[in-house]
Amino acid sequence: MAQHNLRTVVSFEFIRTVTKKRFWAATLAVPLMLAVVFGLLYLSRSATDTAADAQKSAEFTISYTDASGLITPEQAKVFRATRAPSPEEGIRPVQAGTIDAFFDFPADPATEKVKVYGADRGLFENNKYSAVAQAMLTQAVSARIGSPGLSALARSDATIDTKTYRGGVETAGFMSAVPPLSYVVIFYGLVILLSGQMLNSTLEEKENRVTEMILTTLKPTTLISGKVLALFAVGLVQIVVFASPLLIAYLFFRDQINIPDVDLSALVFEPLPMIAGFLILVGGFALFTTTLVAIGAVMPTAKEAGNFMAVVIIMIFVPFYAVTLIFSNPQALIVQVFTYFPFTAPVTALLRNGLGSLTVGEGAVVIAIVYIGAVLMFYLAVRLFQYGSISYTSKVNIRTALSSGRRVKAAGGQAG
């Protein structure tokens, strides 16, 4: 008898769940989304290979000085490099932007640093300067490998010190990328930790059957605005709480618990990437908050809303399917799609902003997209909550809710 009852319960629950349209909508959303991602990756592959081949054969203007005497004019000609009169006169055109790179080879490259100066082309593309400088030196060593003094140099790469310039000012390289990239960590932390509260912020009243009472004293716009602002405040509190132990341990107990001595003074906070990253972070968080609030307003129970919340949360991880392209080829098709699609834009744009591949124009477009998206989702959440405030047992029909709102406004205008 007990087994029969168990079989009945399992059968009933299974059939009831799989026969619902919203179950399949939420279930199929993930594989369909991944199919689109893999399709974009496939389409981007040929373009990426072409770009990689172009990068290998790309030429940039080079000048050099050579105190070691290793590099002959014939070898320099292979790299289309011209000799500069002095290091100072080699660096100046790079700072002015009239030449791409200057290499200063020391008297003894085996023990002294090769100094490389280049025009800033982004965190990863800048690596081409040191690669070409090493190639020039390696070729020179290979041509004169018979010299005993070159044996140490032939066995290992030379030490290369690279400096890049943008607008005549030296850039900080990786140390300038760390601060804006921290916005990515903050964004993930806020969305993951608060997603449940975002979803339940409108579901709690519906499940407790108190929405009618609330709406007799509050306008839906005021209620939803208050919930969204409260979630922002909760997020700030959590950031402070989570960061406090790390900060206290680093400042007061670093020696006792063997925390590495990190030189925070080496970090460079460039105003434009920091401001752009902050605006993208706030806009992205607002977009996901209002989206989850809207889902909570549509669904009758937290159980049914959970499936759709999972789809939304997966969106913030989708960009990592193309993370190598985000790093190496930001102009690839899939990276461009992720940059401008509202629900993948925050993570993709924050990564590109930190890596220096997000232009001012692209950043402005992304900021506009996430803020406009947040406003539209806020409006949708208000309408859905207002219409579905007493829909305790069934999902709110979005089209009906929006058309109902338009009819109410039209009636109000005629009455006026």
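Mind checking which residues of region 169-185 are at pLDDT below 85 and of a type outside the set (D, E)? Those that are at pLDDT below 85 and of a type outside the set (D, E): V169, T171, A172, G173, F174, M175, S176, A177, V178.
In the set L272, L292, only one residue is modelled with pLDDT of 85 or more, assigned to a helix (DSSP H, G or I), in the same structural domain as A364 (by TED's automatic domain parsing) and over 24 Å from A364 (Cα atoms); that residue is L292. If only residues of region 317-331 that are part of a loop (DSSP other than H, G, I, E, B) and within 16 Å of N353 (Cα to Cα) are counted, the one that is modelled with the lowest pLDDT is N329.
The set of residues in region 340-389 being in contact (Cβ under 8 Å) with a residue 40 or more places away in the chain and outside any helix (DSSP H, G or I) consists of P342, F343, G356, S357, L358, G388, S389.
Among the residues of region 86-117, just one is at pLDDT 90 or above, exposed (fewer than 13 other Cβ atoms within 10 Å of the Cβ) and not in a helix (DSSP H, G or I), namely S86.
The values are calculated or read from the model by the stated rules, or taken from the named source; none is laboratory data. Since the structure is predicted, the reported quantities are computational estimates derived from the model, not experimental observations. All Cβ positions, even for glycine, are placed from backbone atoms using ideal geometry, and neighbour counts span all protein chains on display.
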